[in-house]
2 protein chains.
Amino acid sequence: MENLEIKRHSLAHIMAAAIKELWPEAQLAIGPAIENGFYYDIDFFDVKINEADLRQIEKKMSHLIKQNLPFTKEEKDITKAIAAAKTEGSIYKQEILEDLQKEGETKVSFYTVSTFTDLCRGPHIKSTIEIKPGSFKLQKLAGAYWRGDEKNKMLTRIYGLAFETKEELDNYLTLLTEAEKRDHRKLGKELDLFCFSDLVGPGLPLFTPKGVIIIDELKNHIETVCRRYGFEKVMTPHLAKIDLYEISGHAKKFSDELFHVTSDKGHQMVMKPVQCPHQTQIYASRVRSYRDLPIRYMESEKQYRAEKSGEVGGLSRVYAITVEDGHTFCRIDQVKEELKDLVLIIKDFYRALGLWGQHWVSLSVRDYAHPEKYIGETADWDLCETMLQEVSDEMGLNAKRQEGEAALYGPKLDFMFRDSLGKEIQIPTVQVDFATPKRFNLTYTDKDGTEKNPVMVHRAILGSYERFLALIIEHFAGAFPLWLSPVQVKIISVSEAHKDYCQKLAGELKAEKIRVEIDDSNETVGNKIRKAIAEKSPHMLVIGDKEMNSEMLSVRDRGQQESREISKQDFIAELKKKIEDKSL
Amino acid sequence: MENLEIKRHSLAHIMAAAIKELWPEAQLAIGPAIENGFYYDIDFFDVKINEADLRQIEKKMSHLIKQNLPFTKEEKDITKAIAAAKTEGSIYKQEILEDLQKEGETKVSFYTVSTFTDLCRGPHIKSTIEIKPGSFKLQKLAGAYWRGDEKNKMLTRIYGLAFETKEELDNYLTLLTEAEKRDHRKLGKELDLFCFSDLVGPGLPLFTPKGVIIIDELKNHIETVCRRYGFEKVMTPHLAKIDLYEISGHAKKFSDELFHVTSDKGHQMVMKPVQCPHQTQIYASRVRSYRDLPIRYMESEKQYRAEKSGEVGGLSRVYAITVEDGHTFCRIDQVKEELKDLVLIIKDFYRALGLWGQHWVSLSVRDYAHPEKYIGETADWDLCETMLQEVSDEMGLNAKRQEGEAALYGPKLDFMFRDSLGKEIQIPTVQVDFATPKRFNLTYTDKDGTEKNPVMVHRAILGSYERFLALIIEHFAGAFPLWLSPVQVKIISVSEAHKDYCQKLAGELKAEKIRVEIDDSNETVGNKIRKAIAEKSPHMLVIGDKEMNSEMLSVRDRGQQESREISKQDFIAELKKKIEDKSL
């Protein structure tokens, strides 16, 4: 156990000691260290704990810590420990001890700090003085069922944050505030990008005009990049007979995540959980020759997963995701070049978002100890893994080999990025698949006239628009680069007299394909500017008498306190260039 | 009964007479006049009738006709008629007679021509000489269950075509051949626009790259036109709780046409049968002011209908249609202007396809005798109908008032076009709806601070992409205008030596956003040209030594036998202009 984790765990004990001093009747359940801190589940019986109580507990904890109290360990015979717990009325500890006894334990250890003794495996710090002043904070209250079972009693869980120093804690708190401000659910509502409806139901986001602008820009961008590498767009239905997925193996893989579709007329279908099998059917619709390959399909259609209803929320976990998906069908001698092209597409796309460079790559290979977890032949797997390693070497990807991370049908390269808050994002992937074309009996006629199975290469670039939108909202904190901004220029009228000119100016910008919104309401200019700032428009134009009577504009750029003067022509040229270049 | 219908019915009798002469054992069932001709269902027992037999029957019919045979009528007592049928062994006629008797008939009429007498209400022509030579033709054979019930015996149905003159019949046969050539299922396969898969299932088309190009061009075009009139794009899920449609009234309206979605985890949803209710929920997601209106949403998402599995086929009848749908939410004082704008959008769109001008408009109002068939208040209906009439008058639409053709929630303008074969197409519609906003309690705050319901205006322009694609495939016979053509220029290499130059030229055209396909296979130039003609490419470039060594191109335009010389620059400029203008 690393040092910080030991401190966090010890803080759980110190908190428990403080609570027992304040509420001697309280009964402790369990109190582990967790990521960034610790918690303890406590039964306060009829007492309701609130925010003010947390501050009081914190104060008591600091008081104990300052006293330089030692953590002392004692071993006890388990039978005696159970008897003691019974006598004390420590109902939860007694239950834990009885379970340990059933598992065959005969001795258990206890740790004491101050006057509080707790059943615990340890280890702990030597003395409370090791906890630096201001390095911890009680964060929040929550309810938690005893043993996570909703049939049991609901206990009070107190969460604490803890780091080595006060400075580290402060940094983390700042990050947390920032993450809350960037929460895509909050910003999505504030910026009017998407909404939910009780009548439509949870897990089914509705995208408003501004959200669709971002999605369409991403879609156009990715399609343009992929077309350059020979991808052609297809469009497949959202339904299929289950037969399709029985052949592909997805019926078994997704089983209870499948949505079933029926009607009073006796229809029986499923909603597609993945795009790949549909795309194989387009390949299969014609006779193919070695000359036709590679054939590359892409599409942005929805796929469906029956997530647990309690787990859907925001855009990150929904019932239907609009996946930008693509597949290449090629000959074995074309696979390596194709893999390289796909890596270039990923590089192109993520560089435009400023994410390329802060990434690492995983070469996800099979779990060699458990070949039964995969489909396909060993020789094919060996070949694919070698090819992916070569691609990594030749392109300087420096991929880390990760055993057991391969897909069902083949090994893959996975790309991991970090967003602006340091959170890891795993989206793009390139996967080689020998199995699917064989399962669907896809063929091409080779030069020598024989029928062969093509290799199928799967690739994801941005994954699903829903999750990707959530991600870039949080990454950019809603302040999107110009090309992605739903409103690129906000025009604000000073008074009634300037309304017509605002309309005229908006028309000129729109004619140049610049997205404009006018605020010519009767609010004060100050209010209108504040509103525009909250909306995070990249550029703001305030139109008064001066602007109306000249070709010069007064532009306030996002994040700037002051305006700058620029001619209308130059402003339009500047914006068009930035949009064209997808400048950040 | 009109004259031609009488002739068609008489021809059914003449055919029966001919058949009885050729196969005296045959038993006749029923033989009515139908659109374009007639048929007779016949029990030939063990005899199998084929194409050659049809020609023989035709010959016999012509022979009878030439003899100037009269049709004579006779009335009989029904009991005697039944007895006679029994004696003759006319099993089917006997059954019909017995049913007539059950219905209370006491007398029935018989018509005789040549030696054949048939139970029939008439009327008939006076004599066979009224049938003009060459004005009829036996068209095809089909199976038909006696009384349409699959539990009964399968009879042989012989279809005949019949017109007033040979010329009219010939015209119809030409049209039929043309329609067969243009059949979108046939052309869709030949031109590789879409396909079906047994594993995916019927009624679920998969769109191949070329089909998607046409759909995307249409989508871009319609979105561009609609944006000009203030429409903004939204994106709504394909699923919803049934609650949404219980409020909108669609749950009841579609009932057994709804697809139900369930999962092993207990989910219960339906697939959306229409887009409108989802769009109301985006309107409802924020507080709206009178200043915000009109708000206009458009989207191109799928909607689902559980069609009878026996009825799906091609693109015209499918389970999921991708509907280009839009709704305007506005104040009552904005409705009329909005209606006019929507008519202008329809005009813009259909003019670009060369269909505007060959149309008529229906002002579809309610069935005044049955107000219970509609939702909403009488005063609202009166107001809407008046407004639509005014729009028709002011825009010179000359709409025909059609009672009983209104939608559930309001009156509408429907636009009817004729395709190049004269078939009527009813797609675009503009509908006023006071009821839906009230059902969903949609509101806006008016100038005076009161909460009011907006008016919802529904509009369809191209309807669904699936049906519209079927329609334009048939309208253009696959020879799409340049802007819609999946391949705009086909480049053909004369020999191996010209391959690289073809690639270079293709690159130059692609850089100008012109869609190009190269045929540099080893087939003969003649074969490659024939293939390109079959693919209906608007322009074909054959690249040999001469072209490689000059800036001049040899262009063969669709439908032309000869090539023309044009500089590369001029050719590119010509194409870009045509594409930009959406020239036909």
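The values are calculated or read from the model by the stated rules, or taken from the named source; none is laboratory data. Here the structure is a predicted model, which is why all the values come from computation and not from measurement. Cβ placement follows ideal geometry from the backbone for every residue including glycine, while neighbour counts extend to all protein chains displayed. These area figures cover heavy atoms from the full protein model, side chains too; ligands, DNA and RNA do not enter into them. Shrake-Rupley method; radii C 1.70, N 1.55, O 1.52, S 1.80 Å.
Do we find that A:SER485 is of a type in the set (S, T, N, Q), under 30 Å from A:TYR319 (Cβ atoms) and in contact with a helix residue (DSSP H, G or I) (Cβ under 9 Å, 6 or more places away or on another chain) in this structure?
The answer is yes for A:SER485.
Which of the residues that make up the stretch B:104-149 are over 38 Å from the mean Cα position of the chain (by Cα) and either in a loop (DSSP other than H, G, I, E, B) or modelled with pLDDT under 90 (or both)?
If the condition is that a residue be over 38 Å from the mean Cα position of the chain (by Cα) and either in a loop (DSSP other than H, G, I, E, B) or modelled with pLDDT under 90 (or both), then B:GLY104, B:GLU105, B:THR106, B:SER114, B:THR115, B:LYS126 are the ones that fit.
Scan the stretch B:240-253 residue by residue and report those that are facing chain A (nearest Cβ under 7 Å) and either out of contact with any Lys or Arg (no Cβ under 7 Å at 6 or more places or on another chain) or open to solvent by 20 Å² or more (accessible area, probe 1.4 Å) (or both).
Within the stretch B:240-253, B:LYS241, B:ASP243, B:LEU244, B:ILE247 meet the criteria.
What residue, among those in the stretch A:551-579 that are more than 22 Å from A:ALA477 (Cβ to Cβ) and touching a residue at least 40 places away in the same chain (Cβ under 8 Å), is farthest from the chain's Cα centre (by Cα)?
A:LYS568
Kindly provide the set of residues from the stretch B:213-230 that are at the interface with another protein chain (Cβ under 9 Å from one of its Cβ atoms) and buried (at least 21 other Cβ atoms within 10 Å of the Cβ), ordered by number.
B:ILE213, B:ILE215
Can B:LEU206 be described as within 30 Å of A:ARG288 (Cα to Cα), touching a Cys at 6+ places or on another chain (Cβ under 7 Å) and within 11 Å of chain A (Cβ to nearest Cβ)?
Taking the combined requirement at face value, the residue satisfies it.
Name every residue in the stretch A:91-142 that is closer than 16 Å to A:PRO70 by Cα, open to solvent by 50 Å² or more (accessible area, probe 1.4 Å) and either of a type in the set (Asp, Glu) or not assigned by TED's automatic domain parsing to the domain that holds A:GLN67 (or both), in order of residue number.
Within the stretch A:91-142, A:GLU130 is the sole residue that qualifies.
Against the definition (under 28 Å from A:HIS221 (Cβ atoms) and either open to solvent by 50 Å² or more (accessible area, probe 1.4 Å) or assigned to a loop (DSSP other than H, G, I, E, B) (or both)), how does A:SER420 come out, yes or no? Give the steps one after another, and end with the answer.
On the way: under 28 Å from A:HIS221 (Cβ atoms): yes; either open to solvent by 50 Å² or more (accessible area, probe 1.4 Å) or assigned to a loop (DSSP other than H, G, I, E, B) (or both): yes.
When the stated conditions are applied, A:SER420 passes them.
Within the stretch A:286-311, track down each residue that is out of contact with any Ser or Thr (no Cβ under 8 Å at 6 or more places or on another chain), in a loop (DSSP other than H, G, I, E, B) and either more than 10 Å from chain B (Cβ to nearest Cβ) or open to solvent by less than 40 Å² (accessible area, probe 1.4 Å) (or both).
Once the filter is applied, which keeps residues that are out of contact with any Ser or Thr (no Cβ under 8 Å at 6 or more places or on another chain), in a loop (DSSP other than H, G, I, E, B) and either more than 10 Å from chain B (Cβ to nearest Cβ) or open to solvent by less than 40 Å² (accessible area, probe 1.4 Å) (or both), the stretch A:286-311 yields A:LEU293, A:GLU307.
Given the residues B:ALA12, B:ALA18, B:ALA26, which is the only one that is touching a helix residue (DSSP H, G or I) at 6+ places or on another chain (Cβ under 9 Å) and under 21 Å from B:GLY122 (Cβ atoms)? Before the answer, list the steps.
Numbers: B:ALA12 fails: touching a helix residue (DSSP H, G or I) at 6+ places or on another chain (Cβ under 9 Å); B:ALA26 fails: under 21 Å from B:GLY122 (Cβ atoms).
The unique qualifying residue is B:ALA18.
Within the stretch A:275-285, is even one residue surrounded by fewer than 18 Cβ atoms within 10 Å (Cβ to Cβ), modelled with pLDDT of 95 or more, at the interface with another protein chain (Cβ under 9 Å from one of its Cβ atoms) and more than 18 Å from B:VAL261 (Cβ to Cβ)?
Yes, there is a match, as at least one residue in the stretch A:275-285 is surrounded by fewer than 18 Cβ atoms within 10 Å (Cβ to Cβ), modelled with pLDDT of 95 or more, at the interface with another protein chain (Cβ under 9 Å from one of its Cβ atoms) and more than 18 Å from B:VAL261 (Cβ to Cβ).
Within the stretch A:22-50, take every residue that is over 11 Å from A:ILE158 (Cβ atoms) and of a type in the set (D, E, K, R) and give me the one that is most open to solvent (accessible area, probe 1.4 Å).
A:LYS48
Mind listing whichever residues of the stretch B:254-274 are open to solvent by less than 20 Å² (accessible area, probe 1.4 Å) and not hydroxyl-bearing (Ser, Thr, Tyr)?
Residues satisfying the conditions are B:PHE254, B:LEU258, B:PHE259, B:VAL261, B:HIS267, B:MET269, B:VAL270, B:MET271, B:LYS272, B:PRO273, B:VAL274.
Residues that are touching a strand residue (DSSP E or B) at 6+ places or on another chain (Cβ under 6 Å) and at pLDDT below 95: does the stretch B:247-256 have at least one?
No: the stretch B:247-256 contains no residue that is touching a strand residue (DSSP E or B) at 6+ places or on another chain (Cβ under 6 Å) and at pLDDT below 95.
Going by what's in this entry, would B:ASN152 be described as touching a Phe, Trp or Tyr at 6+ places or on another chain (Cβ under 6 Å) and in the same structural domain as B:GLN56 (by TED's automatic domain parsing)?
When the stated conditions are applied, B:ASN152 passes them.
For the stretch A:449-553, please list each of the strands (runs of 3 or more DSSP E) lying entirely inside it that holds at least 2 residues being closer than 30 Å to A:GLN275 by Cα and not acidic (Asp, Glu).
Values: elements: A:455-464, A:489-493, A:516-519, A:539-543.
Once the strands (runs of 3 or more DSSP E) in the stretch A:449-553 are filtered for at least 2 residues that are closer than 30 Å to A:GLN275 by Cα and not acidic (Asp, Glu), what remains is A:455-464.
Yes or no, residue by residue, for (1) closer than 25 Å to A:ALA573 by Cβ; (2) assigned by TED's automatic domain parsing to the domain that holds A:ILE543; (3) open to solvent by 40 Å² or more (accessible area, probe 1.4 Å):
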| position | (1), (2), (3) |
| --- | --- |
| A:VAL494 | no, yes, yes |
| A:ALA497 | no, yes, yes |
| A:LEU505 | yes, yes, no |
| A:LYS513 | yes, yes, yes |
| A:VAL516 | yes, yes, no |
| A:ASP519 | yes, yes, no |
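Among the residues of the stretch B:67-75, is there at least one that is surrounded by 12 or more Cβ atoms within 10 Å (Cβ to Cβ), in contact with a Leu (Cβ under 6 Å, 6 or more places away or on another chain) and assigned by TED's automatic domain parsing to the domain that holds B:LYS7?
No; the residues of the stretch B:67-75 include none that is surrounded by 12 or more Cβ atoms within 10 Å (Cβ to Cβ), in contact with a Leu (Cβ under 6 Å, 6 or more places away or on another chain) and assigned by TED's automatic domain parsing to the domain that holds B:LYS7.
Considering every residue within the stretch A:362-371, establish whether at least one is among the hydroxyl-bearing types (Ser, Thr, Tyr), within 30 Å of A:SER289 (Cα to Cα) and surrounded by 19 or more Cβ atoms within 10 Å (Cβ to Cβ).
No, that holds for no residue.
I need the full set of residues from the stretch B:254-274 which are assigned to a loop (DSSP other than H, G, I, E, B) and within 8 Å of chain A (Cβ to nearest Cβ), in order please.
Those that are assigned to a loop (DSSP other than H, G, I, E, B) and within 8 Å of chain A (Cβ to nearest Cβ): B:LEU258, B:PHE259, B:SER263, B:ASP264, B:LYS265, B:GLY266, B:HIS267.
Of the conditions (1) in contact with a Phe, Trp or Tyr (Cβ under 6 Å, 6 or more places away or on another chain); (2) under 17 Å from A:LEU206 (Cα atoms); (3) more than 7 Å from chain A (Cβ to nearest Cβ), B:MET235 fails just one. Which one is it?
(3)
Can you tell which of B:LEU176, B:LEU169, B:LEU193 is on the phi < 0 side of the Ramachandran plot, touching a residue at least 60 places away in the same chain (Cβ under 8 Å) and open to solvent by less than 70 Å² (accessible area, probe 1.4 Å)?
B:LEU193
Test of understanding: among A:GLY326, A:GLY314, which residue is over 24 Å from A:PRO411 (Cβ atoms), more than 10 Å from chain B (Cβ to nearest Cβ), open to solvent by less than 20 Å² (accessible area, probe 1.4 Å) and not hydroxyl-bearing (Ser, Thr, Tyr)?
Answer to the check: A:GLY314.
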